[in-house]
Amino acid sequence: MAGTDDKKQQQSAEKKKAAAEKKQQTAAKHQPGGKKKEVKKETGLGLTYKKAENFGEWYSEVVVNGEMIEYYDISGCYILRPWSMAIWETLQAFFDPEIKKMKIKNCYFPVFVSSTVLEKEKDHIEGFAPEVAWVTKSGKSDLEIPIAIRPTSETVMYPYYSKWIRGHRDLPLKLNQWCNVVRWEFSNPTPFIRSREFLWQEGHTAFATKEEADTEVLEILELYRRIYEEYLAVPVVKGKKSELEKFAGGLYTTSVEAFIPNTGRGIQGATSHCLGQNFAKMFEINYENEKGERAMVWQNSWAYSTRTIGVMVMVHGDDKGLVMPPKVSSVQVIVIPVPYKDADTQGILDACSATVNALVEAGIRAESDARDNYSPGWKYSQWEMKGVPLRIEIGPKDLANKQVRAVRRDTGAKIDIANAELVEEIKKLLDNIQQNLFDVAKQKRDECIQVIHTWEDFIEALNNKKMILAPWCDEKEVEEDVKARTKGETGAAKTLCSPFDQPELPEGTVCFASGKPAKKWSYWGRSY
């Protein structure tokens, strides 16, 4: 069924794209060499679906039309085009130096894992079993022993940690790898959000003490918060996962949780797990401590993936297309010449080139679009679809007044800027756009948060697509019961996380679901 859904989305996207391209070609053919004042006409670039009316179709359309992905001929797999890959590279350029400051080193382990090793940690493999892809043939011959493709690398890496860690001087061992993983998702594959192959980094560290492991868990989680809030301009909540939702086989899981107001769903942004000593026990990762005694290591694992890009699109995108935060946009400023009839076209083109050069020299990622077979209006629509933060227009009037006109993608506001102040003002505008995107997203997210105390209020808030903050007794059976009682076509409700920033819990407060004494506040909702 999932494959059918993906195929429908692909066919729908391809039809719309073909229709848009046909209109583009027709528009280009009938475009006169010179023209009077630019009039924005129907370009065929617009989105068919509106974000508020059909979010799923809107999202499928915007990631294709915005040149983020292309559908592949294997369901659940997607081609990451340069426009999205540049975002991934920007996040990597931030995160990699930060973990190197923490003395974490990069490595690479094979994508294949034997069944005996994969199945060594029972709880862990049970959590991943339905998603594991297996290689069973070599050419036309059946393999004697099937080989799994890694869904995650704990079981791939830890036999070698056991080999490399012998004494206390071998600790801590702190490794990270940038790689792909395969999880054979069958339900609702969605570009970036749920795909059968995705890119991520995964860190795997081993320590002599739990205290060291606990400290690192939170340090990494803070880096994940910074990725979302400082780079992608997406507000997140830092917190701890419930026992039911924690990483299979781990001691505890922390996460950053985002929320999509349009769908009323939470989305796990990234996770930082303390694995405790469970994997050390299974894989015999022991060492001789300073007293000459045998001891087991404490371990962590942590990861973020290309899901980050999908969350950004869902939060900021609008009915014109993508909206890119300046920090992660491969083009921050697009410069477009607007020559009218009898205008000094060459002078305008030269001004565009000079503007781009000045911005690039100042470290701003700027390009010009001097294609002469498309009208300025068509170009405006295309770059709006791709979400470029700032558009600069240069026409005869701007040339005469030694200025440029800047148009913001986030608000549509138009600002005239003198050439002499160009770099300084553009830098200010880009900073302002980055902050505004975060502020607007946070305001929308906060408007969706609802504090409740009773089951009736919980159900009402859930039906109203809220991110619910509720007092909870912190019992696994109660969460299982909530899941069972809320199961429906749109999915069951579950805990998103218990925020580290806990509101006051007055004495005598009871759990909204069980009536037992509440132990903490937790966020609840439906999720991706």
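The values are calculated or read from the model by the stated rules, or taken from the named source; none is laboratory data. Model, not experiment: these values are computed from the prediction. Because the Cβ atoms are built from the backbone with ideal geometry, glycine has one as well, and the counts that use them run over all protein chains shown. Only protein heavy atoms, including side chains, enter the accessible area calculation; ligands, DNA and RNA are left aside. Shrake-Rupley method; radii C 1.70, N 1.55, O 1.52, S 1.80 Å.
Things worth noting here:
- Computed with the Debye formula from one identical point scatterer per Cα of the range 322-378, without solvent, the log10 of I(q)/I(0) at q = 0.14, 0.17 Å⁻¹ comes to -0.44, -0.61.
- Of the GluC sites (Glu not before Pro) found in the range 69-156, none is in coil by DSSP with at most 11 other Cβ atoms within 10 Å of its Cβ.
- Karplus 3J(HN,Hα) series, Hz, for the range 516-525 with 6.51 cos²θ - 1.76 cosθ + 1.60 (x for Gly, Pro): 6, x, 7, 9, 6, 9, 9, 7, 10, x
- Qualifying chymotrypsin sites (Phe, Trp or Tyr not before Pro) in the range 71-140, DSSP loop, other Cβ atoms within 10 Å at most 13: Y108
- Amide H contacts of V335 (H built 1.01 Å from N, in plane; Pro and chain starts excluded): E367, S368, D369, I392 sit under 5 Å, all sequence-distant by 5 or more or on other chains.
- Accessible area (Å², 1.4 Å probe, nearest 10) - K327: 90 Å²
- Gyration tensor (alpha-carbon) shape descriptor, the range 128-262, a/c threshold 1.5: oblate
- Three-way shape call for the range 158-237 based on the alpha-carbon gyration tensor, with the a/c threshold at 1.5: oblate
- Residues Y108 and W134, FRET efficiency given R0 of 25 Å [Cβ-Cβ distance, rounded to 0.05]: 0.70
- Peptide ranges 425-435, 220-230, 272-282, 498-508 listed from the most packed, as the mean C-beta count within 10 angstrom indicates: 272-282, 220-230, 425-435, 498-508
- At most 14 other Cβ within 10 Å, DSSP loop - trypsin sites (Lys or Arg not before Pro), the range 66-112: K103
- Environment charge at E447 (Cβ cut-off 12 Å; Lys +1, Arg +1, Asp -1, Glu -1): +4
- By a 1.4 Å probe calculation restricted to protein chains, V451 has an accessible surface near 80 Å², given to the nearest 10.
- Shape call, the range 306-435: gyration tensor on alpha carbons, a/c limit 1.5: prolate
- Charging the Cβ of each Asp and Glu at -1 and of each Lys and Arg at +1, and nothing else, the dipole of the chain about its Cα centre rounds to 1280 debye.
- Extension gain, N436 to Q92, is 121.5 nm, computed as 0.36 nm per intervening residue step minus the present C-alpha separation.
- The label-point distance for A52 and E507, in a model that sets each label 7 Å from Cα toward Cβ, rounds to 4.8 nm.
- Whole-number D in µm²/s for the range 56-116 (Stokes-Einstein; Kirkwood sum over Cα pairs; 20 °C, 1.002 mPa s): 146 µm²/s
- Binning all Cα-Cα separations of the chain at 10 Å, short to long from zero, yields these whole-percent fractions: 3, 16, 24, 24, 17, 10, 4, 1, 0.
- Signed unit charges on C-beta, dipole axis of the chain, positive-most listed residue T509, F458, S522: F458
- Theoretical gain in end-to-end length, I415 to E243 [0.36 nm per residue, Cα-Cα removed]: 56.7 nm
- Nearest-20 debye value, the range 210-261 charge dipole, Cβ charges on Lys, Arg, Asp, Glu: 200 debye
- Here the range 139-179 is treated with +1 on each Lys and Arg Cβ and -1 on each Asp and Glu Cβ, and its dipole about the Cα centre works out to around 240 debye.
- Helix content alone sets the calculated 222 nm mean residue ellipticity of the chain: runs of n ≥ 4 DSSP H residues at -39500 (n - 2.57) each, divided across all residues, give -11500 deg cm²/dmol.
- Along the axis of the charge dipole computed for the chain (Cβ charges of +1 for Lys and Arg, -1 for Asp and Glu, origin at the Cα centre), the listed residues C179, V356, M296 are led at the positive end by V356.
- Cys residues of the chain counted as unpaired, since no other Cys beta-carbon is under 4.7 Å: C77, C107, C179, C274, C352, C448, C497
- Phi-derived couplings, Karplus 6.51 cos²θ - 1.76 cosθ + 1.60 at θ = phi - 60°, listed residue by residue for the range 342-352: 6, 7, 7, 4, 5, x, 5, 4, 5, 5, 4 Hz, with x used for Gly and Pro.
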